[in-house]
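Asker: Before we start, here is the structure in question, set down as structure tokens.
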């Protein structure tokens, strides 16, 4: 019995809402044919009970990320031995995965290997920036490299499959999971999602150093009403196709091995049972051949949704809708067999799901060697390697966004001889790891204080005061975070230190457990007593650099008005403090650009740059136009924005021609010059507006970007190709179309500061 318990307590529980992706392997037609023949051969040998078993995923730890299902460990163990489990999640380490695989391979009739899944969201042991932060790099090569490194660490620990990337469009800063995605724009989301899938899956899914990816959450999860997690989603078909689905379609085309459906409903239908999404669009329309896993218990959650009376009805809706695997829901296990026997569903419906699951297992090479991911020597050398730490540092530096730099207070000058490092997050070695931290060791990140001490000149005095504690009590994935709203005992020390120092580096923002799943907030300001601390520090020393640590856009209106410099650092992972310090001292010139709009206040949410024009867009002498009476309607810091320690000058846009047709394309070019004194990187961004269409269209949409590096005084011409496909949209007739007519084209360094020209599509 002791052995049984050990099996099911392995792994750290950081899973909920997992996702999959399809194989990136470029197999020949003959190889694909061979896999299909093998799948058919195995399927022909399977009993109904064994088929259903492949459609069941069990959690391997009591430390779960969702509600418990009640299935006992003893029952799970017996089903493993009988070959009636297709997948396990939260079983990690070579030792643990080998033991679980052995139980199945040595005892089951058909010896179909398990596939092990885990939430590897932004690293496994080595932590990279949270996905929203890494997206701020606008560096797709980097995103592919960090995903590949995470895949190697994951594979080295015996795990075959990650529930990432998340590609939910996120336009509401109140939603806690905004930190897990790539922000508000469909084009940028699609680009980084494809890069991460390529990184996870590589060129060969059968390699021992790659893992299957999962596209989640399908679909609309990021549009939850009021930014409240798991909430209702109300969107139209045009919003669905033009905004939400493009990243998913892109990764389906790129060969993502698996998908995960979402908790939410759309127009009254839970995504878990949506045949329109899962069958009509994904499997049939996009001709995608991977499998779909439910989110944690989402099949059974159709009961509280009010469309299923019990698990049996939920299972019926889910399998008809296209859900292939039930993650810790207990619905397929308890109900599919009787549904087939009663004639409510055909066994061939199950065959399609099982075929898809077996196909991914063959693509991973698990039938050739079920223990191929069980190399303890690889596990020992790959985890937290020096190479991975170097990459973590590179990713962290490139993800930092300089939001404000009045009077060029940054980089810190040689004349500064004393620095006060103040704030509840200044010496925090845990929050930089983020919420979804997989197997990262608690308090293993480099803190900002440590980084500053390492990189400051020897003659600079570094002093530290916490000032105030941000949270109290237990911090964990599942438990609510208790904030400190009473204890100001550290104020005096911090104030005195600020008063006596040349410069204050004020490190504030959010605890790691303020963002992530189930961490929605109505207040996106500085919680706890941080506002009071900041005001007191400002009274005694105006030379303040705010270092912001956070997983969502925050209300920075007061900070912007009172601090000369603001550095957006997100939650940067293992090398957080070193990356921040290199930017502060000018060893690295910041190049990040915002992947989300930062509001002036929470009342603007949801806020995004690519809004549509109303019938009354402009100001007049009266109040009857689209605006707020108490606030500007634009962003405080817009999408695509980010400063540098140098300056970039954009020339006029040049078009290869002003008109083109469906069989042609045009080229838009612009010269960008570094007019400053130091080398730097710039993200050149292309936006387009369709002036007249069959449905209302956004005032501008990102359609391309290129990150360039320029030495001081150097110029470079950047060019973009525009064709009919780039201009297309899902129109009134429910088809993708490109309307003839006039378009505006914009190029610049963010979504507001842009050069403009017009062209015509005939």
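The values are calculated or read from the model by the stated rules, or taken from the named source; none is laboratory data. Since the structure is predicted, the reported quantities are computational estimates derived from the model, not experimental observations. Ideal geometry is used to build each Cβ from the backbone, glycine not excepted, and the neighbour counts take in all protein chains shown.
Asker: Could you pull out the residue among 458, 469 that is part of a loop (DSSP other than H, G, I, E, B), outside the structural domain of residue 128 (by TED's automatic domain parsing) and free of Cβ contacts under 8 Å to residues at least 24 places away in the same chain?
Answerer: Residue meeting the stated conditions: 458.
Asker: For the stretch 472-489, give me each residue that is closer than 24 Å to residue 449 by Cβ, within 28 Å of the chain's Cα centre (by Cα) and touching a residue at least 40 places away in the same chain (Cβ under 8 Å).
Answerer: Selection gives 475, 483.
Asker: Related question: In this structure, does residue 204 turn out to be touching a helix residue (DSSP H, G or I) at 6+ places or on another chain (Cβ under 7 Å) and in contact (Cβ under 8 Å) with a residue 24 or more places away in the chain?
Answerer: No.
Asker: For the subset of the stretch 299-313 comprising residues that are in a helix (DSSP H, G or I) and more than 29 Å from the chain's Cα centre (by Cα), which member is surrounded by the most Cβ atoms within 10 Å (Cβ to Cβ)?
Answerer: 311
Asker: Answer with yes or no whether residue 437 is modelled with pLDDT of 95 or more and assigned to a loop (DSSP other than H, G, I, E, B).
Answerer: yes
Asker: Still on this structure, I have one more. Out of all the residues in the stretch 688-696, is one or more without any contact (Cβ under 8 Å) to a residue 40 or more places away in the chain and farther than 17 Å from residue 239 by Cα?
Answerer: Within the stretch 688-696 (the criterion being without any contact (Cβ under 8 Å) to a residue 40 or more places away in the chain and farther than 17 Å from residue 239 by Cα), the answer is no, since none of the residues qualifies.
Asker: If I go through the stretch 481-505 residue by residue, how many of them are surrounded by fewer than 21 Cβ atoms within 10 Å (Cβ to Cβ) and assigned to a loop (DSSP other than H, G, I, E, B)?
Answerer: Selection size over the stretch 481-505: 10.
Asker: Right, something else. Take the residues of the stretch 245-254 that are surrounded by fewer than 24 Cβ atoms within 10 Å (Cβ to Cβ) and touching a helix residue (DSSP H, G or I) at 6+ places or on another chain (Cβ under 7 Å): which is nearest to residue 203 (Cα to Cα)?
Answerer: Filtering the stretch 245-254 for residues that are surrounded by fewer than 24 Cβ atoms within 10 Å (Cβ to Cβ) and touching a helix residue (DSSP H, G or I) at 6+ places or on another chain (Cβ under 7 Å), the one nearest to residue 203 (Cα to Cα) comes out as 254.
Asker: Further question: I'd like the residue in the stretch 712-735 that is in contact with a strand residue (DSSP E or B) (Cβ under 8 Å, 6 or more places away or on another chain), more than 30 Å from residue 589 (Cα to Cα) and in contact (Cβ under 8 Å) with a residue 12 or more places away in the chain and, out of all such residues, is surrounded by the most Cβ atoms within 10 Å (Cβ to Cβ).
Answerer: Here the residue is 722.
Asker: If a residue counts only when it is surrounded by 15 or more Cβ atoms within 10 Å (Cβ to Cβ) and touching a strand residue (DSSP E or B) at 6+ places or on another chain (Cβ under 8 Å), which helices (runs of 4 or more DSSP H) contained entirely in the stretch 330-417 have at least 1 such residues?
Answerer: Result: 331-341, 347-363, 386-399.
Asker: Are any of the residues in the stretch 25-34 under 18 Å from residue 357 (Cβ atoms), modelled with pLDDT under 65 and not assigned by TED's automatic domain parsing to the domain that holds residue 441?
Answerer: Yes; the residues of the stretch 25-34 include at least one that is under 18 Å from residue 357 (Cβ atoms), modelled with pLDDT under 65 and not assigned by TED's automatic domain parsing to the domain that holds residue 441.
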